[in-house]
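Read-outs: derived from the displayed coordinates by stated rules, not from any lab. Owing to the predicted nature of the structure, the values given are computational and were not obtained by experimental measurement. Every residue, glycine as well, gets a Cβ built from its backbone with ideal geometry; the counts of neighbours run over all protein chains shown.
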Amino acid sequence: MANMLKITQVKSIINSLNDKHRPVMKSLGFCKNQRTLYKKDTPQIRGMLHKVQHMVVWEAIDEKDIAVPAAKGPGITVLEKGTARRQAR
């Protein structure tokens with residue numbers, strides 16, 4: 001059973017003629033084009049997607065299928081006990 005939605009914005013809100021599209025996209029969490037968000041599958045989210053269906057692509061997925069990004073380190077590498085070196089960013 002799919003309990004999450006993978007939503008990707010495919011069209012910019014700049015050329016949107018309807019003034020209601022911008023607040024809906026903002027409430028979904030989009031601020032830039034070509035971003036992907038994961039939302040719980042609720043009737044409220046489905047209603048928002050229906051309103052902006054020409055601007056987004058979505059698919060139903062399981063929560064276990066969400067790719068977890070790699071954890072970033074603190075930026076310090078421990079060489080030996082008592083010494084540390086800062087990594088260049």
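Structural remarks
- Length added when fully stretched, THR42-ASP19, from 0.36 nm per residue minus Cα-Cα: 5.9 nm
- Summed residue charge, Cβ within 13 Å of LEU49's Cβ, Lys/Arg positive, Asp/Glu negative: +3
- Cα→Cβ-extended label distance, 7 Å offset, between ALA2 and GLN53, nm: 1.4 nm
- Inter-label distance for SER27 and LYS64, nm, one decimal - labels placed 7 Å from Cα along Cα-to-Cβ: 3.4 nm
- In straight-distance terms, cross-link reach from LYS32 covers every one of the aspartates and glutamates whose alpha-carbon lies under 20 Å from its own, apart from those fewer than eight places away in the same chain; here that gives ASP19, GLU59.
- A simple rule links phi to the HN-Hα coupling: the Karplus curve 6.51 cos²θ - 1.76 cosθ + 1.60 with θ = phi - 60°, which for the stretch 13-19 gives 8, 5, 8, 6, 7, 8, 6 Hz, with x for Gly and Pro.
- Amide H contacts of ILE61 (H built 1.01 Å from N, under 5 Å, at least 5 apart or other chain): ASN3, MET4, LEU5, LYS6
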